[in-house]
Every structure is written in structure tokens, then in C-alpha cells.
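**Q** I have a structure I would like to understand better, so I am pasting it below and will then ask my questions one at a time.
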Amino acid sequence: MPWSTGTVGTSAGLPGGIEAQVDPAWQPWLDLLDVALEESSSRAWDSVVTVRAERPDDAPMLHGAVLRIDGQRAKRLVRRLSDVAGVRGGNDVDPSAAIRAAISRDDRALAEMAERCDASIDAFAIVAQVAAMPLLMAAALTLEPSAASAWQRGYCPVCGAWPSLAEVRGIERERRLRCGCCSTDWPLPLLHCAFCDELDHGKLGSLQPEGDEQLRRVETCETCHGYLKAMTTYTALSIRTLVLLDLTTIPLDLVAQDRRYARPARPGWAPAIEVAS
Ligand SMILES: [Zn+2]
Ligand SMILES: [Zn+2]
């Protein structure tokens, strides 16, 4: 198919007909998310967060933090998520260790825990990642997201994750990056690659579905070959809508990947944290 990458304002077209349905293969992921969101509606996760006063300028707020959790509640959550995900041995997992490893993106620790409960690393990592969400969302609220407004980096100012989407929000069409782990949103100018900080507009482009140009597109960078999906929104998306939108626009990921753009394999900024119960 004759594709060409446009620069901002002269975007190449994508074929129309982007599907707006969640592939049934992703339903288990939504089921896990719903368990986490139900859990996060409880105030039990309004944990005591002790942040480190001194940290590097480029470190997210949670770097060096100590987060306190209700150990019994966390254990029940990990067990329930393991059941939904079909991960055996969820009973034997130390919830504090699993949540810490997920937030610190400690792949080695996650792999060791997965092996101990005879689960695949991917399945276990998803359980740990979703189990960390109620704590991360509570911590993000505690840490005053308004402090994120001065943040000019591509990864989340609270937890260091890469954005799952960019929102082009409101009549001002402000670009707000959204974290799919803790729900934080923060601004980054349109002509600023979230992954490598490229600012040269000649290197930054976009791919847009025909007929849908105003609503969604893929932002691309020729310097790092990264891509980020961008959606037009009126107000900030809830985390569930954010995840749903991410899943229903997988055809955009496929087009970007077909063009050899990729999401970075390395984490944005992996914060060292302590989880205590
Ligand atoms: Zn985050
Ligand atoms: Zn880049």
C-alpha cells in the first residue's frame, strides 16, 4: 500500500473504517481493569506516601517514595486478579513485593515471582501491574497533580510510565499526555516527541485515518521512530475510557507498526520505591 509519512499539517492518510469495537481477545484485560477500578473506589488505598525531598530533576515524584498499603486488602486484590487472569498460585504471592516490582518496573523480580507460581511472565506482570493501579491512582491524587503542570517530559511526572495516549483537549486543542497506570495527565507541546524530546518539526509527523482526521491520529518521530496515538477530547478522559480508547484504536497501532514505528521498549523512568504494609 502506498504510504507516506506526513509532517505535521500535511499528514498522510490512513484507510478509513477504523474499528470502534474492543477485540474480544482484550476482554480479560478489561475484566482485570474493572476489578482494579472497583477496588480503587475504596478509600483504603489513600495510602500514606512519603516522598523523598531530594531527587534528580528528571525523576518522577514517586522515585525514592515509601508507600504504605493494607497488606490484607492487597493480598485479597492480588488473589482476585490472579483468579480472573487464570494465574495459579496467586495466594502465595507477596502483594507488597509484586506491587513494588510493577511500579519500579523490576522485570527480574517479576520473572522470579512468576516462576514461583508457575505462571507466564506476561500474565503475572499484568496481574502485578493492575494490582498496582489502586495504589498508584491514590498516590497520584495525594501528590497534587497540579504540580505536574510544570513538567516538560514525555514520561509520567508521578510514576515515570510512558503516556498511553495524548489527548488534544478542548477548544484550545491543548496536548495533554495521559498515564494509563496512575491516570495523571500533564501538558507537553505538540511539537515535542514524548520519547526522545525531539523538537524539530521536520522530524515530527503524523498518520491520520481518512475521514477521521479531526478525531484521532498517530504522532510519529523520525529521530527515535517512536509513535503515540492522539485523540481529540472535550474534557479529561476517565481512566476506564482511556484504556477503552487505547484498545479500540489498536488498528492505529498496527498501521504505525507496519510503518516500522514502535513504542519504546525501555521504561520512561523506573522509580525506586518501597511498599510497606
Ligand atoms: Zn503515572
Ligand atoms: Zn522521538
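**Q** Could you pull out the chymotrypsin sites (Phe, Trp or Tyr not before Pro) across region 168-277 that fall in loop regions by DSSP (anything but H, G, I, E, B) with no more than 14 other Cβ atoms inside 10 Å? Please list the in-between numbers first.
**A** Numbers: sites: Phe195, Tyr227, Tyr234, Tyr261, Trp269; in loops: Phe195, Tyr234, Tyr261, Trp269.
Sparse-neighbourhood loop chymotrypsin sites (Phe, Trp or Tyr not before Pro): Tyr234.
**Q** Magnitude of the Cβ-charge dipole of region 25-141, K/R +1 and D/E -1, about the Cα centre, nearest 20 debye?
**A** Details: 14 positive and 18 negative charges, 72 e Å.
For this selection, approximately 340 debye.
**Q** Separation of region 178-203 and region 91-116 by C-alpha centroid, Å?
**A** 29 Å
**Q** Further, regarding this structure: Once you sort the root eigenvalues of the Cα gyration tensor of region 179-277 as a ≥ b ≥ c, which label holds: rounded (a/c under 1.5), prolate (a/b larger than b/c) or oblate (the other case)? Show your work: numbers first, answer last.
**A** On the way: a/c = 1.75, a/b = 1.28, b/c = 1.37.
Oblate.
**Q** Ranked by Cβ crowding within 10 angstrom, fewest neighbours first, how are Leu191, Leu244, Leu207, Leu136 ordered? Show your work: numbers first, answer last.
**A** Values: Leu191 14, Leu244 17, Leu207 24, Leu136 29.
Ascending number of Cβ neighbours within 10 Å: Leu191, Leu244, Leu207, Leu136.
**Q** Would you work out which of Leu188, Ala85, Met137 lies farthest towards the positive end of the dipole of the chain? Charges go on Cβ: Lys and Arg +1, Asp and Glu -1.
**A** Met137
**Q** Right, something else. Taking every pair of alpha-carbon atoms in the chain, what share in percent sits in each 5 Å bin, from 0 to the bin with the longest distance?
**A** 1, 6, 12, 16, 18, 16, 13, 9, 5, 2, 0, 0
**Q** Angle, helix 239-248 long axis vs. longest principal axis of the chain, Cα atoms, 0 to 90°, nearest 10?
**A** Here the helix axis deviates by roughly 50 degrees.
**Q** When DSSP assigns beta bridges and you keep just the ones with both residues in the chain, what percent turn out antiparallel, to the nearest 5?
**A** Percentage antiparallel, nearest 5: 65.
**Q** Between Glu167 and residues 5 or more places away or on another chain, which pairs have amide H atoms under 5 Å apart, with H built 1.01 Å from N, and which residues are they?
**A** Counting only residues 5 or more places away or on other chains, the set is Arg176, Leu177, Arg178, Met231.
**Q** Also, I was wondering about something else. Taking the 0 to 90 degree range and rounding to the nearest ten, how far is the long axis of helix 107-116 tilted relative to the main principal axis of the chain, both from C-alpha atoms?
**A** Computed tilt is about 50 degrees.
**Q** Okay, next question. To the nearest 10 degrees, how steep is helix 71-85 against the longest Cα principal axis of the chain, on a 0 to 90 scale?
**A** Compared with the principal axis, the helix lies near 50 degrees.
**Q** Moving to a separate point now. May I ask you to sort Trp162, Trp29 by Cβ crowding, counting other Cβ atoms within 10 Å and putting the fewest first?
**A** Trp29, Trp162
**Q** Also: What whole number of Å gives the distance from the Cα centroid of region 205-225 to the Cα centroid of region 34-64?
**A** 32 Å
**Q** Ignoring everything except DSSP H segments at least 4 long, calculate the 222 nm mean residue ellipticity for the chain; use -39,500 (n - 2.57) per segment, divide by total residues, nearest 500.
**A** -9500 deg cm²/dmol
Every read-out reported here was derived from the displayed coordinates using simple, explicitly stated rules and does not represent laboratory data. Treat the numbers as computed from the prediction; the structure is a model and nothing was measured. Note that each Cβ is placed from the backbone with ideal geometry, even for glycine, and that neighbours are counted across all protein chains shown.
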